[in-house]
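Visitor: Below is a structure I'd like to ask you about.
Read-outs throughout are calculated quantities, based only on the coordinates presented, and are distinct from any laboratory measurement. Please read all numbers here as calculations on a predicted model, not as lab measurements. Virtual Cβ from ideal backbone geometry, glycine too; neighbours counted across all protein chains shown.
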Amino acid sequence: MSAAQWRRAMNSAATAAAPTLAPLPRRAQPAADAPRASTAPSWPARFVARIRARHVVVLAALVAYPFVASPFFTYQIGAQALALGLIALSLTFLGGYGGMVSLAQMTVAGVAGYGVAVFGTSSAAAISLGWPWWLASAVAIVLATAFAAAVGWLSVRTEGIYTIMITLAIGVAFFYLAQQNYTVFNGFQGFNRAGAPEVLGVESRDPVPFYFATLVCALAGYFLVRHLVRAPFGIALQGIRDNPRRMASLGYAVTAHRVAAYAVSGLLAAVGGVLMVWYNGRISPGTVNLGAMISILIIAVLGGMKHPIGAFVGAIVYVLLQNFAIDLFVRERFNLVIGAGFLAIVLFSPDGLLGLWAKLRSSLVKTQTPQQTRRQP
């Protein structure tokens, strides 16, 4: 046997002796149209899971309030507090979660109010365009939101006292513009007879319908803020509030987030401004003066800047003092009462009335806990 034949024989024997390996079974792939099981709860399920008994009680009380209260308390107290609370909520969102204190929130509300009077109907027929109320309100809210975004674009590059001074300058400039311009703003007289419209045969200016209109807007604004602060945008905004340089190094657009926060706050303030025009039935430069701008800041701080519900708590306290402080003090001393209350809140509870309530609850829990431990055998 030659060497070549011997090598061929050995190769053929090795091939015959090698075991045949069966192919490995392929992992079954799911069908393309097969639905995937999701373990994450849906948004309605998460919303329902957050509802507590106290929320149901508060909502039931708000709905039943106009049916047990007098027209004065329904309109002058309830509706006005909800409208002012919505404007203060815009400042709470901007300052509490964005770290930007703006004094121009009442100015944004005034832009929306003047927009309703100019585009809709009022006593100044030569200026007002006479559009339908829904179209005039929508255009006014859009313009006020754009104005708030422009204010944010100017002021977000500053911090602290400089932001406050820029927004204060914008608010004062708009006040003097509205007072001295007669072509668009009708000067110091403003616009009268710009009240709430009639919808489906229902006069919205009546106490009960107007109260429910403000309640729906206030609830929508409150839940919008509660959703945004838990959304990625709100979390990033709070991170920018705490450390903007680090958030910028992580790739977040700090300026864009801040301007967007001003736009969201402007939307809330614009809706509140439309409600305030319908509530008063008129708008004038006195609606957007320095006192009105400071009042919104007092309401927000009084309730608590770190809680969305604090804006409405502060608005209720402010409206009650505004209506009943004159029974205890002289009318001219109202600002003194408000200033004293504001100073007391800042000194004893920087987080407002809700922060004071939280401190009282924690102190009660601490006093009850040792008593419960002593009773245990």
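Visitor: Between LEU250 and LYS306, what is the FRET efficiency for a Förster distance of 22 Å, r being their Cβ-Cβ separation, to the nearest 0.05? Each step should come with its number before you reach the end.
Guide: Values: r = 24 Å, r/R0 = 1.09.
With R0 = 22 Å, the Cβ-Cβ based efficiency is 0.35.
Visitor: Additional query: What nm value, rounded to one decimal, do you get for the distance between ARG230 and LEU364 when each label is placed 7 Å out toward the C-beta?
Guide: 2.6 nm
Visitor: What length, rounded to one decimal in nm, is gained on full extension from GLN189 through to LEU129, with 0.36 nm per residue of separation minus their alpha-carbon distance? Numbers along the way, then the final one.
Guide: Values: separation 60, 0.36 × 60 = 21.60 nm, distance 1.78 nm.
Full-extension gain reported as 19.8 nm.
Visitor: Next question, about the same structure. Arranged from highest to lowest average of other beta-carbon atoms within 10 Å per residue, in what order do the peptides 75-88, 206-219 appear? Please report the intermediate quantities before stating the final value.
Guide: Numbers: 75-88: 25.9, 206-219: 19.1.
Taking the mean over residues of other Cβ atoms within 10 Å, the ranking is 75-88, 206-219.
Visitor: Where Rh denotes the Kirkwood radius from the mean inverse Cα pair distance, what is Rg over Rh for the range 81-289?
Guide: Details: Rg = 17.5 Å, Rh = 17.4 Å.
With Rh from the inverse mean 1/r over Cα pairs, Rg/Rh is 1.01.
Visitor: Taking square-rooted eigenvalues a ≥ b ≥ c of the alpha carbon gyration tensor, is the range 187-310 rounded, prolate or oblate, where a/c under 1.5 means rounded and, failing that, a/b exceeding b/c means prolate?
Guide: Because a/c hits 1.5 or more and a/b exceeds b/c, the range 187-310 counts as prolate.
Visitor: Could you tell me how many cubic angstrom of Cα convex hull volume the range 114-175 has per residue? All intermediate terms of the calculation are to be shown ahead of the outcome.
Guide: Details: hull volume 4.9 nm³, N = 62.
Here the figure is 79 Å³ per residue.
Visitor: Same structure, new question: Can you tell me the FRET efficiency between ILE161 and VAL56 if r is taken as the Cβ-Cβ distance and R0 is 41 Å, rounded to the nearest 0.05? All intermediate terms of the calculation are to be shown ahead of the outcome.
Guide: Working: r = 43 Å, r/R0 = 1.05.
For ILE161 and VAL56, the calculated efficiency is 0.45.
Visitor: Also, I was wondering about something else. For PHE72 and ALA138 in one chain, what is 0.36 nm times their gap in residues minus the Cα-Cα distance, to one decimal in nm? Please list the in-between numbers first.
Guide: Details: separation 66, 0.36 × 66 = 23.76 nm, distance 2.91 nm.
The PHE72-ALA138 span can extend by a further 20.9 nm.
Visitor: Using alpha carbon centroids, what distance separates the range 68-97 and the range 149-187, in Å?
Guide: Cα centres, the range 68-97 to the range 149-187: 23 Å.
Visitor: What ranking, highest mean first, results for peptides 238-248, 281-291 when packing means the other Cβ atoms within 10 Å averaged over each residue?
Guide: On the way: 238-248: 14.9, 281-291: 19.2.
In descending order of packing, they fall as 281-291, 238-248.
Visitor: Which shape class applies to the range 51-202: rounded if a/c is under 1.5, otherwise prolate when a/b exceeds b/c and oblate if not, where a ≥ b ≥ c are the square roots of the Cα gyration tensor eigenvalues?
Guide: On the way: a/c = 2.20, a/b = 1.10, b/c = 1.99.
The shape class here is oblate.
Visitor: Could you grab the Rg to Rh ratio for the range 173-259? Cα atoms only, Kirkwood for Rh. Kindly include the intermediate steps, with their values, before the conclusion.
Guide: Numbers: Rg = 21.0 Å, Rh = 17.3 Å.
Taking Rg over the Kirkwood Rh, I get 1.21.
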